[in-house]
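Asks: Sharing a structure, written as structure tokens. Questions coming.
The values are calculated or read from the model by the stated rules, or taken from the named source; none is laboratory data. All values derive from a computational prediction rather than experimental measurement. Because the Cβ atoms are built from the backbone with ideal geometry, glycine has one as well, and the counts that use them run over all protein chains shown.
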Amino acid sequence: MRFAHRSKPCKGEKANGDRAVVIDRDGVVLLAVVDGLGHGPAASLAADAAERTLDAAKVELSLEELFKLVDRALRGTRGAAMTALRIAKGELEAAAIGNVGFRSTASGIPLVWTPGILGQTHRPLRVGRCAAPKHGRLLLFSDGISSRFRLDSLDTKSPERACEELLASHALPHDDATALIMDL
């Protein structure tokens with residue numbers, strides 16, 4: 001597995017409210033993109049809290065448990081959207097609250113977005129599960145990247161180069177932007 005992520009703050013800002021989280025520990029891989037609401041320092045505080053919570057969590061926890069931990073950690077902040085994938089013991093779990101995007105060249109990954117905001121209010125989380133794909137590219141991206149791109153146009157590029165190209169060509173100037181790619 002190869003991972004890469006790139007992120008940049010909104011034009012005119014130094015603080016970035018987006019985070020890419022990659023944890024590869026004890027046979028478990030967790031990928032997440034967190035998008036603090038808005039941009040700037042307050043969004044960055046929410047994203048920092050989510051990242052710290054995921055980094056400190058036990059990897060054996062399910063996505064339901066991880067989302068609950070992040071939701072509690074974000075109470076009192078402006079909140080965040082998050083999409084996360086967890087691969088363990090040959091199974092992939094996928095879940096999202098809010099508008100962090102996901103695309104994959106591997107078929108059959110059951111991701112259903114849950115409306116709402118972590119740390120605020122949201123509907124009950126829906127987690128999709130399937131056998132972990134053996135091959136393919138997984139891409140998580142914040143709403144600071146326009147979804148008007150073709151994933152297959154990035155197939156021949158390394159994960160690092162594909163992330164850089166997404167930010168260079170598809171980042172929106174009025175929001176923070178983050179891309180996270182994993183090649184299986």
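Asks: Here is a list of conditions, (1) modelled with pLDDT of 95 or more; (2) out of contact with any Cys (no Cβ under 8 Å at 6 or more places or on another chain), and residue 26 meets all of them except one; can you say which number that is?
Replies: Result: residue 26 passes all but (1).
Asks: Can you spot a residue in segment 124-135 that is of a type in the set (Val, Ile, Thr), in a loop (DSSP other than H, G, I, E, B) and more than 30 Å from residue 69 (Cβ to Cβ)?
Replies: Looking for residues that are of a type in the set (Val, Ile, Thr), in a loop (DSSP other than H, G, I, E, B) and more than 30 Å from residue 69 (Cβ to Cβ), one finds none in segment 124-135, hence no.
Asks: Follow-up question, since we're still on this one. Filter segment 161-178 down to the residues that are hydrophobic (A, V, I, L, M, F, W, C) and in contact (Cβ under 8 Å) with a residue 40 or more places away in the chain, then identify the one that is surrounded by the fewest Cβ atoms within 10 Å (Cβ to Cβ).
Replies: Of all residues in segment 161-178, those hydrophobic (A, V, I, L, M, F, W, C) come to 162-163, 166-168, 171-172, 177.
In the following step, the residues that additionally are in contact (Cβ under 8 Å) with a residue 40 or more places away in the chain were identified as 162-163, 166-167, 171, 177.
Details: 162: 22, 163: 25, 166: 23, 167: 18, 171: 23, 177: 25.
The selected residue is 167.
Asks: Give me a count of the residues in segment 111-128 that are farther than 21 Å from residue 38 by Cα, free of Cβ contacts under 8 Å to residues at least 40 places away in the same chain and under 15 Å from the mean Cα position of the chain (by Cα).
Replies: Matching residues across segment 111-128 total 2.
Asks: Still on this structure, please answer the following. Here's a check for you: in segment 86-110, which residue that is without any contact (Cβ under 8 Å) to a residue 40 or more places away in the chain and over 11 Å from the mean Cα position of the chain (by Cα) is surrounded by the fewest Cβ atoms within 10 Å (Cβ to Cβ)?
Replies: Filtering first and then ranking leaves 107.
Asks: For the subset of segment 136-160 comprising residues that are assigned to a loop (DSSP other than H, G, I, E, B) and acidic (Asp, Glu), which member is surrounded by the most Cβ atoms within 10 Å (Cβ to Cβ)? Give the derivation first.
Replies: Within segment 136-160, the subset assigned to a loop (DSSP other than H, G, I, E, B) is 136, 142-144, 146-150, 155-158.
With acidic (Asp, Glu) added as a condition, the list becomes 143, 155.
Working: 143: 19, 155: 12.
Looking at the filtered set, the residue picked out is 143.
Asks: If you go through segment 71-85, how many residues are touching a helix residue (DSSP H, G or I) at 6+ places or on another chain (Cβ under 8 Å) and either buried (at least 24 other Cβ atoms within 10 Å of the Cβ) or part of a loop (DSSP other than H, G, I, E, B) (or both)?
Replies: 7
Asks: Right, another one. Could you please find all residues in segment 161-184 being in a loop (DSSP other than H, G, I, E, B) and touching a Lys or Arg at 6+ places or on another chain (Cβ under 8 Å)?
Replies: Listed by number, the residues that qualify are 173, 174, 176, 184.
Asks: Follow-up. Could you check segment 112-123 and list, in sequence order, the residues that are of a type outside the set (A, V, I, L, M, F, W, C), assigned to a loop (DSSP other than H, G, I, E, B) and touching a Lys or Arg at 6+ places or on another chain (Cβ under 9 Å)?
Replies: Residues satisfying the conditions are 115, 119, 120.
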